[in-house]
Amino acid sequence: MELVLAALLIFGMRLLDVSAGTLRIVMLVRGKRRWAGLLGFLESIIWVLAARQVLGDLDEPLKIIAYSGGFAAGTMLGSTIERWLAMGSVLIRVITPVESQPVYPGLRALGLGVTVVNGEGKDGEVRILFTVIPRRRVGEVLDLIAATNHEAFVTVEEARLPNLPARLSAAAVKK
């Protein structure tokens, strides 16, 4: 019974430390250094405690399996939590033939800012739309695009807004 409890403890610690590690990387990419530092600190403490439990007794395969299982489950849990948080912004780029149903009126009706640029593609003239939106609205926007124009080519990528110096931010607000 003691071995099973030790294995569950190891699994739980790995679940927590790997989830924290996943979130730490997300915070780092999004420029949230303080949160990343805090999560890294917690991740390290938990990892040391979990590793000590396993490395102190390598003759117990159940502990090794619990350690590995906690790592796998922590990876999945961390990415799930990151998806739930839906932090940050994304850039959505939409390319449609000029003759097809325009998408930008529907996007603007959702209250989104949309930049429209005319271009030329392999098969003729196209409209290229750019919009930066909160990540939590991606599903809503993709549903609207799909319902409006089935010919649309869509890409979604992470948009990291720069930390502008105060004088630049103030100048942009005044305009």
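The values are calculated or read from the model by the stated rules, or taken from the named source; none is laboratory data. Small disclaimer: the values here were computed from a predicted structure and weren't measured. No Cβ is skipped: glycine too gets one built from the backbone with ideal geometry, and neighbour counts run over all protein chains shown. When the accessible area is computed, the model is the full protein with side chains, heavy atoms only, and any ligands, DNA or RNA have been set aside. Shrake-Rupley method; radii C 1.70, N 1.55, O 1.52, S 1.80 Å.
Numbers for the structure displayed
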| read-out | value |
| --- | --- |
| Check on GLY74, open to solvent by less than 50 Å² (accessible area, probe 1.4 Å), more than 30 Å from PHE130 (Cβ to Cβ), of a type outside the set (A, V, I, L, M) and in contact with a helix residue (DSSP H, G or I) (Cβ under 8 Å, 6 or more places away or on another chain) | yes |
| Selection count where residues are surrounded by fewer than 16 Cβ atoms within 10 Å (Cβ to Cβ) and in a helix (DSSP H, G or I), scope the range 43-57 | 7 |
| Some residue of the range 102-116 being in a strand (DSSP E or B) and at pLDDT 95 or above | yes |
| Where LEU91 falls short, out of the listed (1) touching a residue at least 60 places away in the same chain (Cβ under 8 Å); (2) over 30 Å from LEU129 (Cα atoms); (3) open to solvent by less than 50 Å² (accessible area, probe 1.4 Å); (4) of a type in the set (A, V, I, L, M, F, W, C) | (2) |
| The range 125-139, residues that are within 14 Å of GLU151 (Cβ to Cβ) and surrounded by 15 or more Cβ atoms within 10 Å (Cβ to Cβ) | VAL126, ARG127, ILE128, LEU129 |
| Residue check for ARG14: open to solvent by less than 20 Å² (accessible area, probe 1.4 Å), at pLDDT 90 or above and basic (Lys, Arg) | yes |
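Residues checked against (1) part of a strand (DSSP E or B); (2) over 26 Å from ALA20 (Cα atoms); (3) modelled with pLDDT under 95:
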position	(1), (2), (3)
GLY74	no, no, yes
LEU77	no, no, yes
ARG93	yes, yes, no
VAL132	yes, yes, yes
ARG137	no, no, yes
ASP143	no, yes, no
ALA171	no, yes, yes
